[in-house]
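For reference, the structure discussed in these notes is given below.
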Amino acid sequence: MRNSGLKPDKETFLVVLAACASAEAVDEGYALFESMTTKYEIVPEIQHYLGLTDGLGKSGHLNEVEEFIEKMPFEPNVKVWEALRNFAQIHGDIELEDRAEDLLVSIDPSKPMRTKSHCLR
């Protein structure tokens, strides 16, 4: 796409960030996310933040996910906290899982709380 002179749009970045997440290509995901604003002057939306969060979480970079969420220019939504909770559970970070779940339920009380997995261990 770069070689042909075409400029990526928001949807293009969603697809490429998803590909980076699937490949757990964290550095490439960060670089692409950064280039959205610096090179292409595209303002990232929540879906773009979720795309990078997905790549970080799948790779087990939970501290980076949490820092990235804290730096978002808007309030994280239910999907963000669900993603963090799920990645924390997958990677065995019980404290982070509980914290993310508490934030999730505070935003959307209709979300059922999971049985605390660490209580069953």
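Quick note: the coordinates plus some simple rules give every number you see, no bench work behind them. For clarity, every value in this text was computed on a predicted model and none was experimentally measured. Every residue, glycine as well, gets a Cβ built from its backbone with ideal geometry; the counts of neighbours run over all protein chains shown.
Say we look at region 76-94 and pick out the residues that are charged (D, E, K, R) and under 18 Å from ILE46 (Cα atoms); which of these is surrounded by the fewest Cβ atoms within 10 Å (Cβ to Cβ)?
Filtering region 76-94 for residues that are charged (D, E, K, R) and under 18 Å from ILE46 (Cα atoms), the one surrounded by the fewest Cβ atoms within 10 Å (Cβ to Cβ) comes out as LYS79.
Taking VAL43 as meeting all but one of (1) surrounded by fewer than 19 Cβ atoms within 10 Å (Cβ to Cβ); (2) not in a loop (DSSP other than H, G, I, E, B), write down the number of the exception.
Of everything listed in (1) surrounded by fewer than 19 Cβ atoms within 10 Å (Cβ to Cβ); (2) not in a loop (DSSP other than H, G, I, E, B), VAL43 misses just condition (2).
Being in a helix (DSSP H, G or I) and either β-branched (Val, Ile, Thr) or farther than 14 Å from VAL65 by Cβ (or both) is the filter here, so list the residues in region 21-40 that pass it.
The answer is SER22, VAL26, ASP27, GLU28, ALA31, LEU32, GLU34, SER35, MET36, THR37, THR38.
Going residue by residue through region 80-93, is there one that turns out to be in contact (Cβ under 8 Å) with a residue 24 or more places away in the chain, outside any helix (DSSP H, G or I) and within 21 Å of ASP108 (Cβ to Cβ)?
Looking for residues that are in contact (Cβ under 8 Å) with a residue 24 or more places away in the chain, outside any helix (DSSP H, G or I) and within 21 Å of ASP108 (Cβ to Cβ), one finds none in region 80-93, hence no.
Kindly list, by first and then second residue, each pair from a residue in region 13-24 that is within 9 Å of LYS58 (Cα to Cα) and without any contact (Cβ under 8 Å) to a residue 40 or more places away in the chain to a residue that is hydroxyl-bearing (Ser, Thr, Tyr) and surrounded by 16 or more Cβ atoms within 10 Å (Cβ to Cβ), limited to pairs with Cβ atoms under 7 Å and residues at least 6 apart or on different chains.
So the pair list comes out as GLU24/SER59.
Checking the condition surrounded by 11 or more Cβ atoms within 10 Å (Cβ to Cβ), outside any helix (DSSP H, G or I) and either more than 12 Å from the chain's Cα centre (by Cα) or in contact (Cβ under 8 Å) with a residue 40 or more places away in the chain (or both), which residue from PRO8, PRO109, PRO73 passes?
PRO8
Of all residues in region 11-27, how many are farther than 14 Å from PRO44 by Cα and surrounded by fewer than 16 Cβ atoms within 10 Å (Cβ to Cβ)?
4
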